[in-house]
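Contents: one structure, followed by commentary.
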Amino acid sequence: MEIQLYDTTLRDGAQQEGISLSVEDKLKITRRLDELGVHYIEGGTPGSNPKDVEYFQQVKALSLSNARIAAFGLTRRAHIDVEADDNIRALVAAGTPVVTLVGKSSDLHVQRVLETTLEENLAMIADSISFLKRQGRTVFFDAEHFFDGFKANPAYALQTLVAAREAGADCLVLCDTNGGALANEIRDMVVRVEQEVKASLGIHCHNDTDMAVANTLAAVMAGATHVQGTVNGYGERCGNANLLSLIANLNLKMGIPCVTSDQLAALTQVSHYVSEIVNIPPYSQQPYVGASSFSHKGGLHAAAVTKLEESYQHIAPQQVGNAKRVVVSELSGRGNIQYRLEELGLGGTVSRQQVGVLLERIKVQESKGFQYEGAEASFELMVRRSLEGYQPPFDMVDFMV
């Protein structure tokens, strides 16, 4: 099974509160995603702002090895000739090899949001896709609100997909736009679509119920081969499906090698790189790439992983560019202390009895309010002061506060 990875960090991810990307930021992220092995990078909406127009001009100068650039836009407006629609014109002018068109697949949205007829919406979808196909573009159709629309009116939701397929869409992307579906619903509806529409299917999930990654994988299991997401799960409201988690799960859990092993080992670096550009601190407990993803604090856990790493780790951290960590705290056991001593190169200089004394001292100090799990130098000082022959590196003469 071959999976196409489609990143929308530069468009959907940038809709997260607090994120604002310059053109240079977007170009940097584009290069990094290309190195990661992403197949499609959605650069933005050329009809919406001058910054995106400039990005599409400058990205043409990049020499990309893996990725194709996609421009994102709406189907034509109601009762407007497709050639006269400003958004469609902007998509053509962007000059990208791929265009992703978003159209309504929910009758509620057609009638209450677009305020047009169900028939006109089908024409808007068909006209826009067929026009862009005549321009020689690869066209993906994002069926917005598909799962909510399918629940309310399955016949019409399927009609929108058929209209897109017959107009020449290269992939029909089913969108859980409000992020409210559950994995069993996603699976059942994707199976139904595959049976009735007979087309290449994609999946685009939002994370409003904390189900975006699970829902995306459920869609893949049901037959979707085009996967959309964002780095670190950035996106509007609660975010999008985290593309890094998807890549790791597809490669390591489902046996679908959508990137190489070297690219997989760059996941943690990519996470931190993009995090720095968007100026949002990395989430330490983010699966696979977080600083705490393979950290061990409890004494029982630390003692076990020093003997057998897979006892409390579901993969080898190095596979995704991360590392095992053992932290020291009042919850530690002797194994935590011994592991940290080995890291400091002091394992052979501290006896088992001294390890026990250090452990008790840490517990007493933490009961007074000290914390050692994030203060590794303080722990090292405590150890060195306990060694025979210790001499302080300096003598305090005076200080002022």
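Annotations for the structure displayed:
- Pairs linking a residue in the range 136-160 that is in a helix (DSSP H, G or I) and modelled with pLDDT of 95 or more to a residue that is open to solvent by less than 20 Å² (accessible area, probe 1.4 Å) and among the basic types (K, R), with Cβ atoms under 8 Å and 6 or more positions apart or on different chains, do not occur.
- Residue count for the range 13-36 satisfying the condition of being assigned to a loop (DSSP other than H, G, I, E, B) and over 14 Å from the mean Cα position of the chain (by Cα): 6.
To keep it simple, each residue is scored yes or no on (1) surrounded by fewer than 22 Cβ atoms within 10 Å (Cβ to Cβ); (2) in a helix (DSSP H, G or I).
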position: I203; (1), (2): no, no
position: D210; (1), (2): yes, no
position: N215; (1), (2): no, yes
position: A218; (1), (2): no, yes
position: A224; (1), (2): no, no
position: E236; (1), (2): yes, no
position: L244; (1), (2): no, yes
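- Subset of the range 367-399 that is of a type in the set (D, E) and in a loop (DSSP other than H, G, I, E, B) - its residue that is surrounded by the most Cβ atoms within 10 Å (Cβ to Cβ): E373
- Tally, over the range 215-260, of residues that are among the small types (G, A, S) and either within 18 Å of S271 (Cα to Cα) or without any contact (Cβ under 8 Å) to a residue 12 or more places away in the chain (or both): 8
- Any hit, the range 126-137, residues being in contact with a His (Cβ under 6 Å, 6 or more places away or on another chain) and either of a type in the set (S, T, Y) or buried (at least 19 other Cβ atoms within 10 Å of the Cβ) (or both): no
- Test: V173 is buried (at least 23 other Cβ atoms within 10 Å of the Cβ) and either farther than 25 Å from T30 by Cα or not charged (D, E, K, R) (or both): yes
- Members of the range 75-89 found to be buried (at least 23 other Cβ atoms within 10 Å of the Cβ) and either in contact with a strand residue (DSSP E or B) (Cβ under 8 Å, 6 or more places away or on another chain) or without any contact (Cβ under 8 Å) to a residue 12 or more places away in the chain (or both), listed by number: T75, I88
- Matching entry among R165, R192, R187 (being outside any loop (DSSP other than H, G, I, E, B), surrounded by fewer than 23 Cβ atoms within 10 Å (Cβ to Cβ) and touching a strand residue (DSSP E or B) at 6+ places or on another chain (Cβ under 7 Å)): R165
The rows are residues; the columns are (1) touching a Phe, Trp or Tyr at 6+ places or on another chain (Cβ under 9 Å); (2) aromatic (F, W, Y); (3) on the phi > 0 side of the Ramachandran plot.
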site: N279; (1), (2), (3): no, no, yes
site: S295; (1), (2), (3): no, no, no
site: G299; (1), (2), (3): no, no, no
site: A302; (1), (2), (3): yes, no, no
site: Q313; (1), (2), (3): yes, no, no
site: V328; (1), (2), (3): yes, no, no
site: E342; (1), (2), (3): no, no, no
site: V355; (1), (2), (3): no, no, no
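The values are calculated or read from the model by the stated rules, or taken from the named source; none is laboratory data. Predicted model, so just to flag it, every value in this text is computed and none were measured. Cβ atoms come from the backbone with ideal geometry, glycine included; neighbour counts cover every protein chain shown. Heavy atoms of the whole protein, side chains included, go into the accessibility calculation; ligands, DNA and RNA do not. Shrake-Rupley method; radii C 1.70, N 1.55, O 1.52, S 1.80 Å.
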